[in-house]
Amino acid sequence: MNNGLSPIFQELKPYMVELLSEALVSAFQKMETEQPRYPERVNVEKASEITGYSKNSLYQMHSKGLIPGAHKVGGKLLFETAALQAFVAAGGNNNKGKLTAHDCQQLKQEKDLPQVA
């Protein structure tokens, strides 16, 4: 059944393929530049990636109660990803991984750090 639309679609087909190709390339590029997705809880190595703090700094911060969402599970320290991301968004990693005495003092004074239940 030919209703006259087939020649129009045939003429538009190269343009539609080009547009679809551009959209797919753009979507894949966006996926590559997005931040990595992490599980609900991460170990200290992944927490270090998320926050920018060294593993030693994270252990120190945990022992002083300065980092939200940290829990010992089966002898391992695990961090809640959402809490770490909120911590970073609130400015919790402004010294690029180096925890200074000033940071500790400032973090102790800040009572509005996000906490995850």
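Okay, here's what the table says:
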quantity: Check on ASP112, out of contact with any helix residue (DSSP H, G or I) (no Cβ under 8 Å at 6 or more places or on another chain), modelled with pLDDT under 85, acidic (Asp, Glu) and surrounded by 14 or more Cβ atoms within 10 Å (Cβ to Cβ); calculated: no
quantity: Residue tally, condition assigned to a helix (DSSP H, G or I), modelled with pLDDT of 90 or more and more than 20 Å from ALA90 (Cα to Cα), over segment 18-54; calculated: 1
quantity: Pairs with Cβ under 6 Å, 6+ apart, first in segment 63-80 and buried (at least 19 other Cβ atoms within 10 Å of the Cβ), second part of a loop (DSSP other than H, G, I, E, B); calculated: PRO68/LEU113; PRO68/PRO114; PRO68/GLN115; GLY69/VAL116; PHE79/GLY69; GLU80/GLY69; GLU80/VAL116
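The values are calculated or read from the model by the stated rules, or taken from the named source; none is laboratory data. This is a predicted model, so every value here is computed, not measured. Neighbour counts run over all protein chains shown; Cβ positions are idealised from the backbone, glycine included.
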